[in-house]
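The values are calculated or read from the model by the stated rules, or taken from the named source; none is laboratory data. Since the model is a prediction, treat every value here as computed from it, not as a measurement. Cβ placement follows ideal geometry from the backbone for every residue including glycine, while neighbour counts extend to all protein chains displayed.
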Amino acid sequence: MQNHSIQVIGLQKSYKQHQVLKGVDFEVEKGSIFALLGSNGAGKTTVVRILTTLLKQDSGTATVNGFDVASKPDNVRQAISLTGQFAAVDEILTGRENLIMIARLRYLNNPRQVAEDLLKRFGLTDAADRRASTYSGGMRRRLDIALSLVGNPQIIFLDEPTTGLDPESRIEVWKIVKELAAGGTTIFLTTQYLEEAEQLADRIAILHEGRIIASGTLSELKKLFPQAKVEYVEKQPSLEEIFLAIVGKKEAM
């Protein structure tokens, strides 16, 4: 347990007659990126809501940072941060004001310096005094993640963080996630994008019809499938590669 930031055993949850989670088990190692994959309605967000103390499970146990989510929710909340599917920024406030507000709510010393450091870290200094309503989708998501880092939480939950973002903004978010994990932060990521999990995750679990049906590293999961037939074909660039190449040339000009 000492090496695990999150441990889930037999987690079950129903909404009236509909059973969403039917006995979910997994562990997340400290300082790792863990990706929970699943289609819409698989129960990913329900798992996140339970682990972040926003929802109580019907049965089973879940511990986060060594604390039971049901019996010690306050201890869990002190160690975590949650970034949901939609950016939770106050659009009336500027980027700087958003960060200062959260720093004050967390009773941090020198909230202005905390805001300044995060603005610089996330490349938002030039836009710091603009209202968040004027930010692009990528900028808003960067601010949202910056807000989740106020107070240096040990574990960050990212619930489909790149939904609706353009390719450049998605890659920006990927870079931030990798940097956070490299610094020792545990990342719990839910996503529908298989490429996203492939790029980021140390371990992957697939949630289907309320149960984890496969889990492991990417290489371990690949072994579950028959060996691919080897064919030599000319590789064509993906649309994302073409897009980024063209945009990069424009910016260089």
Task: Subset tally (residues that are charged (D, E, K, R) and farther than 17 Å from Phe157 by Cβ) for region 75-94 - done: 2
Open item on the list: If the requirement is being over 30 Å from Ser14 (Cβ atoms) and either in a helix (DSSP H, G or I) or modelled with pLDDT under 85 (or both), which of these qualifies: Ala197, Ala228?
Closed with: Ala228
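Which residue out of Gln19, Gln57 is touching a Lys or Arg at 6+ places or on another chain (Cβ under 7 Å) and either assigned to a strand (DSSP E or B) or buried (at least 17 other Cβ atoms within 10 Å of the Cβ) (or both)?
Details: Gln19 fails: touching a Lys or Arg at 6+ places or on another chain (Cβ under 7 Å).
On inspection, the qualifying residue turns out to be Gln57.
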Task: Every residue from region 85-131 that is within 30 Å of Thr63 (Cβ to Cβ) and surrounded by 20 or more Cβ atoms within 10 Å (Cβ to Cβ) - done: Ala87, Ile102, Ala103, Val114, Leu118
Open item on the list: For Ile80, only one of the following conditions fails: (1) in contact (Cβ under 8 Å) with a residue 60 or more places away in the chain; (2) surrounded by fewer than 16 Cβ atoms within 10 Å (Cβ to Cβ); (3) not basic (Lys, Arg). What is its number?
Closed with: (2)
